[in-house]
Structure formats: C-alpha cells, structure tokens
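The values are calculated or read from the model by the stated rules, or taken from the named source; none is laboratory data. No experiment lies behind these values; they were computed from the predicted model shown. Cβ coordinates were reconstructed from backbone atoms using ideal geometry, including for glycine residues, and neighbour counts include every protein chain displayed.
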Amino acid sequence: MRAIRILVVVLLVIVVGGLVLRLSGIGFPAAVRGPKIEPGSALVFDLEGEYVEAPEAPLLARVLGQHRVPLVTVLSELRKAGRDARISTVVLRIRGLDIGWAKAQDLRDAILALHDRGKRTYAYVECERFGANREYYVASAADQVWLAPGTRAPLVGLAADYLFLGGLWEKLGVSLEVEKVGKYKSAAESLAGRQMSEANAEMVNSLMDSYETQMIAAVADRRKLSPSDLRAIIDEAPVTPTEMLAAKLVDGVGHLDALLAKQGNPPIVEDEDYAAVDARSVGFEPVATFALVYGTGSVVHGDAKASRAGEPVLASTTVSRALRKASEDDDIKAIVFRIDSPGGSALASDIVYQAVVDAKKKKPLVVSMSDLAASGGYYVAAAADTVVAQPGTLTGSIGVFVIRPVIGGLLDKLGIGHAAITRGAHADLLLSTETMTPDTRARLESEVRSIYDLFVERVSTGRSLEPAYVDEVGQGRVWTGAQANERKLVNVLGGLHVAVDRVKEQAGLTRDADVALLPYPPPEPLIEQIRKVAFGSEVGSEVGGELAGVAPALPLPEPLRRLAAVLADLPSGSPILVPPVVVDVH
C-alpha cells in the first residue's frame, strides 16, 4: 500500500506540476498575456447551477474533478468586466439556477452595476423547468431579455412545499417527544407534526408576501410595467415565448447567434477565457486586504471543513480559529464574515459568537448574509459591528428545540425485546426506548428555556436591543432580510459588495478604494494537498466526499432531500437551533 501511495504522489506531482506551469505561463507566453480582447467586444457569461459561499476548491481537488464555483468569483468577474473598456456588451446566458433569493439578488445587483458602468446588458434565458421564477428574476435586471425558442413558462408565480413527518413516525412505532421555545419554531413541527399550525401558516404567508412583493417590484421596475399589470400577466401564465413577448416580459425570441447578429456581431469573449484577464490590467489596485471568512452549512461542534457528503460546514473550532487568525494578521485590515447557514448546534453557535466578539475588538468586522442565516446562523452573526442582508435572505428564527425519539414501539413491532435500567432521578432522559417521566420532562423544558434565554441575551447584547424586544421578534420566527431590517435584526440591506463598502468605512477607507478579499484561512500549499491525499487526511476525505457526491442521488422529493441534508449534520440528543428546514419559496 505504501508503494502505491508513493506512486500516487509522484503521478500527482507530475500531472499537477505540469498544470501549474501551464496556468502560471511558464513556457507558455500567451498565457501570461491573457486572451486578446478587441475593443467593442461582447462578453458571453454563463450563469448556471449552484454557487457556493466557500473558498474555491483546492487546485488538487479541481484536478480530481471537483467543480465548486464560489459566488464571489462570479461577482468579481462581472465587476472586472464593468471596468474593462474593451467590453461594451455583456450577454448573460442563464440556465437553471440552484440558488436562493439572496444569491439571486447578488447577481441582479452585479448586472445592474454593469449597466451603471455603461455596459449594454442582455439576458439570454435557456430554461425547461415548469417555472423559472428565479432565473427570470435575475434576467430581468438586464437591459433586454431574450428567450431561447424552446423555453417555456418562466414566470408562473411563487410556490413552497411544506412537509410534516409526524404520521410517518407513528406508522413506524416511533414517538417523538418535543420541547421547544418559540411560538413559530416550526422546524420541530415539520419533524414531529402532522399538519401546519396557525402560527406556522401566519409566518410562511408573511414570508411569501415579502418575496412576492420583492419580485414584483424589481421586475415591474425593469420591464416598465405597473405592479398590478405584472400580477395580472403572471395570473394569465403566458407559456410560449411568443406570449411572453406579447406581454412585454421579454424583448426577443431566438437563438443566441440571432441576438448577437442584432448587435452587429461584435467580437465574442467567452467567460472561461475572460477569467485569464488579470484584474490589474483593468485598473484594479488594492490598497488593503480584507479577510473573507466563510460560515457555510450546518453549525457543528469541533474542527471540520466538510460534512460526510463533502458539503461545507460551519464548524465551531475551524471558523473560530479563522476569525482569530484573521484578527491577529497584520496584513489583514478588516474582516467580512459571510454566512450561509441554517444553524445547528447551540453550543457551537455560542462558541463562534464569542469568536466574533473577540475578533471585532481587534479589527472591523461586518457580517454579510447570503441565502440563509437563521437560528444558529443568526446567532453567530448577532455580535458583528454591522449585519448586512439581502432583502431575500432568510434570517432570525431566534428559538430552540429538542426532539427525543422513543423507539420502543418500533422495537415491539419488530419483535425485539427491550429493557431499561437507570441510576439517578432524571437518567431516563438518556433512554431511547421509554418516554420521560413528568419530572424529567420538566427538567428538559428548563434546559431548553435556558438556552433560549441565552440566545436572547446574545442577540440583545450584540444588536443593542432590549431583551423583551428580542423575545417579541424572536419566538422562532423566520423573517426575510427586508422584514428583519424593519425589526432591527439587521442593519443594512444589500449583498456582499455592500458589506465590503460598509467595512471599508469602518477601516477608514473610502468607498471607491480597491481592496482584495482573501478567503481565510488561505488555501494550503499544493505540496501539502498532495501529501494529505497520498497519506490520508481530512483533505483527502473531502476530495473523496466530493467524488462520492457524483453518484446518482436517491429519487426523493426535493423537500425531503433538503431535510435529509440538513439533519445529517445536526447534533443528536441535544438542543438545536434551526429554522423550518424545508423552506424554499420557488
């Protein structure tokens, strides 16, 4: 085995070393110069799939087939194009987007910024989903929207599925004992209930109203329609591209070459070629470096970079260490903490909260919320100097719950005998086969309440709000960023670049000053990546996890797959801080 590992190392050094030489331009003079771009060129930029809030995958992982595109990379490329005088037109080829509303708003902001820089922007939509609301929402930011002839029904209104699994457990003979604090803490309801409660219905209708208002206002503004006219068009549900054109939702129907021909067939630059353009060549001159610390995925306790499935996790030790090292690094002027998390461990959330408190004593620190920063994800954000969220961010959910499965009934159905022996008045809390006694349940209720009170205290201190007010807007209720801003849970509405502008001010820089965003901690040297893959380590397991993720997924409904992905990383047998884990307004 050792010989095989050594052979792997040698091969990796040869293959990856050659790739590095190629990418760095050694022996390839054309690579140093970058692509030749003629004046008046059109950049064709693809927007498709999932964009993550995480550093770019290590070079070795990319060589081995991992394709993980950070959202910040896309935003930076579009800003670079905005500064490039050779680029007169940007065509955004939009296919299926697996992102939330906040990331969609970040993309819209980037497209609008191109327009403000004097670039002509065109969105070319290629979608075959029954409804492509988010794709059209992003596209509507462009000066013109075109549809591929085969595209159908990209705008049909909003919908969300909610699942309640309580009846499933009953059929299996499993009972769930639930303790929660928060009238709206409906994650527990999704797992243990049979139907939607009045409080949950109130909350989700409020979220749906907020999203519809945001979408209608943004699209109506760019398409020069009144909100009432746009709602009427959506209710008519135009299906064919011709009907979309007649409704003034798009400006053209045809293939991409027809769109380009109408613009005079300008010289074309593909985004993969444009990526080789050095930002310095278009005037980017950073005067400072900011650390970009990611808090992505379920909040878990300990040291980890990825879940067993290879997805990012917000691990308390890992993220706290990154915040501490960034705050101590003399080359780092300020910290942007970018959060995209549904929460998780209460203990881990409190550890990261304290790390934020300590880091902001040394450096300006701003939180930038992505699609989701709720419950534990909001907990870790609350201590920042400034919290920035998009109007479509899901946030808040200040609440806590614990679920204790009792599987005695299942064992009986299976013919498996069971017995329980305890020592201590409340040791039955640790059993999985018996229900709790009333006294033990009262003790558990007290523990859950104490965690909620600590959550409220942390938010109260971090946001400079009265505890009674935090409790009032808490109660486990999820808010959109727009609603959270009205309730003082976030300070500023906007995306990543708004957060960067805010922390520039706190660092004593002007808003137009260029800064470099350095993912923190920085990526490991290539030789260290190779060593870990060859001799076994967490990096190797991350790469393996990513490759394993290529296998076909089980054909579960999308809400169940989201639920399973979140629950896989949550702590078992302890209080957790998560919002309704199947929320997805699409």
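Go through segment 128-143 residue by residue and tally those that are surrounded by 23 or more Cβ atoms within 10 Å (Cβ to Cβ) and more than 22 Å from the chain's Cα centre (by Cα).
Of the residues in that region, 1 qualify.
I'd like to know if segment 385-398 contains one or more residues that are part of a loop (DSSP other than H, G, I, E, B), hydrophobic (A, V, I, L, M, F, W, C) and under 20 Å from Asn485 (Cα atoms).
yes
Go through (1) out of contact with any strand residue (DSSP E or B) (no Cβ under 6 Å at 6 or more places or on another chain); (2) in contact (Cβ under 8 Å) with a residue 60 or more places away in the chain and name the single condition Glu177 misses.
(1)
Just one of (1) closer than 21 Å to Tyr122 by Cβ; (2) in contact (Cβ under 8 Å) with a residue 60 or more places away in the chain trips up Pro286, so point out which.
Unmet condition: (1).
So, of the residues in segment 85-137 that are β-branched (Val, Ile, Thr) and over 18 Å from Val250 (Cβ atoms), which turns out to be modelled with the highest pLDDT?
Taking segment 85-137 and keeping what is β-branched (Val, Ile, Thr), we get 87, 89-91, 94, 99, 111, 121, 125.
Filter once more, so that each one left must be over 18 Å from Val250 (Cβ atoms): 87, 99.
On the way: Ile87: 97, Ile99: 94.
The extreme case among them is Ile87.
So which of Arg477, Arg487, Arg511 is surrounded by 20 or more Cβ atoms within 10 Å (Cβ to Cβ) and of a type in the set (Lys, Arg)?
Among Arg477, Arg487, Arg511, only Arg477 is surrounded by 20 or more Cβ atoms within 10 Å (Cβ to Cβ) and of a type in the set (Lys, Arg).
What are the residues in segment 178-211 that are modelled with pLDDT of 85 or more and in contact with a Lys or Arg (Cβ under 6 Å, 6 or more places away or on another chain), if any?
Val181, Ala199, Met203, listed by residue number.
Examine segment 491-504 for a residue that is surrounded by fewer than 18 Cβ atoms within 10 Å (Cβ to Cβ), in contact with a strand residue (DSSP E or B) (Cβ under 9 Å, 6 or more places away or on another chain) and among the charged types (D, E, K, R), and state whether such a residue exists.
Checked against the condition, which is being surrounded by fewer than 18 Cβ atoms within 10 Å (Cβ to Cβ), in contact with a strand residue (DSSP E or B) (Cβ under 9 Å, 6 or more places away or on another chain) and among the charged types (D, E, K, R), segment 491-504 yields no hits at all.
For segment 331-341, indicate whether the set of residues that are charged (D, E, K, R) and surrounded by 24 or more Cβ atoms within 10 Å (Cβ to Cβ) is non-empty.
yes
Quick check on this structure: which one of Asp116, Asp98, Asp161 is more than 28 Å from Pro70 (Cβ to Cβ), charged (D, E, K, R) and surrounded by fewer than 20 Cβ atoms within 10 Å (Cβ to Cβ)?
Of Asp116, Asp98, Asp161, the one residue that is more than 28 Å from Pro70 (Cβ to Cβ), charged (D, E, K, R) and surrounded by fewer than 20 Cβ atoms within 10 Å (Cβ to Cβ) is Asp161.
For segment 81-99, name all the residues that are over 11 Å from Arg117 (Cβ atoms) and either not in a strand (DSSP E or B) or not polar (S, T, N, Q) (or both).
Arg86, Val91, Leu92, Arg93, Ile94, Arg95, Gly96, Leu97, Asp98, Ile99 - these are the residues of segment 81-99 that are over 11 Å from Arg117 (Cβ atoms) and either not in a strand (DSSP E or B) or not polar (S, T, N, Q) (or both).
Answer yes or no as to whether Ala484 is touching a Gly at 6+ places or on another chain (Cβ under 8 Å) and in a helix (DSSP H, G or I).
Yes.
Between a first residue in segment 501-520 that is farther than 21 Å from Pro70 by Cβ and a second residue that is in a helix (DSSP H, G or I), which pairs have beta carbons less than 8 Å apart while being 6 or more apart in sequence or on different chains?
Cβ pairs passing all conditions: Thr510/Lys504; Arg511/Asp501; Arg511/Lys504; Arg511/Glu505; Ala513/Lys504.
Among the residues of segment 403-442, which ones are β-branched (Val, Ile, Thr) and modelled with pLDDT of 85 or more? Steps first, answer last, please.
To start, the set of residues in segment 403-442 that are β-branched (Val, Ile, Thr) comprises 403, 406-407, 416, 421-422, 433, 435, 437, 440.
Within segment 403-442, Val406, Ile407, Ile416, Ile421, Thr422, Thr433, Thr435, Thr437, Thr440 qualify.
If I go through segment 399-431 residue by residue, how many of them are part of a strand (DSSP E or B) and either of a type outside the set (Val, Ile, Thr) or free of Cβ contacts under 8 Å to residues at least 12 places away in the same chain (or both)?
The number of residues fulfilling the criteria is 3.
Of (1) at pLDDT 95 or above; (2) part of a helix (DSSP H, G or I); (3) not small (Gly, Ala, Ser), Leu465 satisfies all except one. Which?
For Leu465, the failing item is (2).
More than 30 Å from Leu158 (Cα to Cα), charged (D, E, K, R) and out of contact with any helix residue (DSSP H, G or I) (no Cβ under 9 Å at 6 or more places or on another chain) - does that describe any residue in segment 256-263?
There is at least one residue in segment 256-263 that is more than 30 Å from Leu158 (Cα to Cα), charged (D, E, K, R) and out of contact with any helix residue (DSSP H, G or I) (no Cβ under 9 Å at 6 or more places or on another chain).
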